[in-house]
Amino acid sequence: MKELYIAIKMKKILLIIITFLFTQKTFANQPNEWQLGFQKAASESMREIVAFHNNLLLPIIIAISVFVLFLMLYACIKFRASANPNPSKRTHNVTVEVLWTLIPCLILIVMAVPSFKILYKQDSIPKADLTIKAIGYQWYWGYEYPDENIIFDSYMVEEKDLQENQPRLLAVDNEVVVPVNKVVKVLITANDVLHAWALPSFGVKRDAVPGRINETWFKAEKVGTYYGQCSELCGIKHAFMPIAVKVVSEEDYQEWLLEAKEKFAMEEIKKDYTIKLAKN
Ligand SMILES: [Cu+2]
């Protein structure tokens, strides 16, 4: 009876493990529960970063961990006091010392070459199809489309106001909208303290520094909404200034431009009006 009970229990545990492994929810664009590894890539840059991590760094990390674990176990068993009553008095071995200096150097060089390649590629901005400016404030993001004369602020949606499919702590009232498969140059700055504009799916992360404009770029390959967060500790509400970028088709983008120009212009007028009223 007891065996049967244990067998049922084991089966249950196994089932839980299998469902956990194979039925994880897959969002293309935001962190999900029990996620391991990176968010799914939506740009070439991020694909390269993920490939670098998965194909080179991870094998090196695993190999080193296994090797060190093996050495430790080997030393513990082979040289335990009962099996090795007279320990060796040796303190130096030139060959071993040369090897444990040279091999890590070689590993670092092997890692550095592709790493720098990706870094430099990200650093050179191709000819941009459109430019947006992100400005960090305590604690929200402001955006400008300098060529379109659009300016707006982007605040997090409070938990009580969340609509269906809006992720908690990530959804914002006004998303940045960009066309798919276009090079978007992002100018990043801040108005008060350091912030950082980061979007994992695009492989983008740049500090927003007051009095300085940093540049980065991305080319989103898939339509969808992508979420990121401020990534530089900027004060008490640092966790509540998310970044949301909506990637749409070219036609939808043109449509959004027309709507946005009107909507945000009206908001500016309203803001000026309230300021004037308050002054009088
Ligand atoms: Cu912050």
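The values are calculated or read from the model by the stated rules, or taken from the named source; none is laboratory data. Note that the structure is a prediction, hence the values are computed from the model and not measured. Neighbour counts run over all protein chains shown; Cβ positions are idealised from the backbone, glycine included.
The table for this structure:
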item	result
Test: residue in segment 88-100 that is part of a loop (DSSP other than H, G, I, E, B) and under 24 Å from VAL209 (Cβ atoms)	no
Residues of segment 197-231 that turn out to be over 28 Å from GLU250 (Cα atoms) and touching a residue at least 24 places away in the same chain (Cβ under 8 Å), as a count	3
Which listed residue, of LEU119, LEU102, is at pLDDT below 95 and in the same structural domain as PHE52 (by TED's automatic domain parsing)	LEU119
Among (1) touching a residue at least 60 places away in the same chain (Cβ under 8 Å); (2) within 20 Å of GLU268 (Cβ to Cβ), the one test that MET156 misses	(2)
